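Report on the following structure.
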Amino acid sequence: MKKILLGSIALGALIAAAPAGAADVAVAPRYQAPAPVWSWAGFYLGGHIGAGWGTKHWYNESPFASLGADVGLHHVRGGLGGGQVGYNFQAGNWVFGAELQGSWADLEGNNQNLVFTLGAGGPRIINNSKVDSIVTAAGRLGYAVDRVLVYTTAGGAWVHDKFSTTTDVNPSPFATGSQTRSGWMAGLGLEYAFAYNWSVKFEYDYVDLGRKRNDLSCPVNCAGAPGFGLFAQDITQQLNLFKFGINYRFGYGPVYANY
């Protein structure tokens, strides 16, 4: 009986001590993979569509009115679409690189000439213009938070314009001209990587092409003077462009840190 009693006491003491001993045993931590960091570095190409509007201010430089006389301003509006190619570098959250964009455009507008009529007491002249292509080459600087990139862009711009003069009674041009103009651009954008290699972006660009001379060819009748060959005009031009684009990004995706 005494042996049974002593054995019961020893077993109870062992059970009571077991949790305390287990608490002293170290438990190995469970491995957790590091969180991925999204990378924007590398080469990409894509396409875009959008719309634009701008102003064309004409000034006379022909000999039939005061040089520099204001002959009117008009707005151009329309759509555009094209493609882009670029390359990004990334340092931490900062992303920088370069991008080349090319767009076919259809931005048109006109105004009534404030100075000229076609002959004494004749119909009024209408100044017409059209932007049919736009190219920009720009640097980009942005700040990325995982899959979201906010950026600024600035660089050079080149635009091809077509000009013509008609009358308010006849839409057929009697003087025409075309010109490739250069200037500068600056813009803002937001880009989101919605899949491993794909991203979408929204971008606004301001383009300033300054003031440049255009000599419209006028072989038949220009400002009431038969055979006058050129109808010289200085034209200032600024554009506002809004674009929605999609990019395919080569070798992009999450990058895992090494520990």
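The values are calculated or read from the model by the stated rules, or taken from the named source; none is laboratory data. Quick caveat: nothing in here was measured; it's all calculated off a predicted structure. Note: ideal-geometry Cβ built from the backbone for every residue, glycine included; neighbour counts use all protein chains shown.
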Residues GLY109, GLY92: which one is without any contact (Cβ under 8 Å) to a residue 24 or more places away in the chain and either under 16 Å from ASN247 (Cβ atoms) or of a type in the set (Gly, Ala, Ser) (or both)?
GLY92
Sole residue being at pLDDT 95 or above and of a type in the set (Gly, Ala, Ser), chosen from GLY155, GLY177
GLY155
Within region 145-181, residues being out of contact with any Ser or Thr (no Cβ under 9 Å at 6 or more places or on another chain) and over 27 Å from LEU230 (Cα atoms) number 7
Whichever residue in region 218-228 is surrounded by 15 or more Cβ atoms within 10 Å (Cβ to Cβ) and not in a loop (DSSP other than H, G, I, E, B) and, among such residues, is modelled with the lowest pLDDT:
ASN221
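Okay, residues lined up against (1) under 21 Å from VAL150 (Cβ atoms); (2) more than 23 Å from the chain's Cα centre (by Cα); (3) surrounded by 15 or more Cβ atoms within 10 Å (Cβ to Cβ); (4) β-branched (Val, Ile, Thr):
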| position | (1), (2), (3), (4) |
| --- | --- |
| GLY72 | no, yes, yes, no |
| LEU80 | no, no, yes, no |
| PHE89 | yes, no, no, no |
| ALA98 | yes, no, yes, no |
| GLY102 | no, no, yes, no |
| ALA105 | no, no, yes, no |
| GLY109 | no, no, yes, no |
| LEU114 | no, yes, yes, no |
| THR117 | no, yes, yes, yes |
Which is at pLDDT below 90, over 18 Å from the mean Cα position of the chain (by Cα) and surrounded by 14 or more Cβ atoms within 10 Å (Cβ to Cβ), of ASP215, ASP161?
ASP215
Against the definition (in contact with an Asp or Glu (Cβ under 7 Å, 6 or more places away or on another chain) and modelled with pLDDT of 90 or more), how does TRP184 come out, yes or no?
yes
Are there any strands (runs of 3 or more DSSP E) wholly within region 1-95 with 3 or more residues that are in contact with a Lys or Arg (Cβ under 9 Å, 6 or more places away or on another chain) and modelled with pLDDT of 55 or more, and if so which?
42-60, 70-91
Taking region 124-142, which residues are in contact with a Lys or Arg (Cβ under 6 Å, 6 or more places away or on another chain) and buried (at least 21 other Cβ atoms within 10 Å of the Cβ)?
SER129
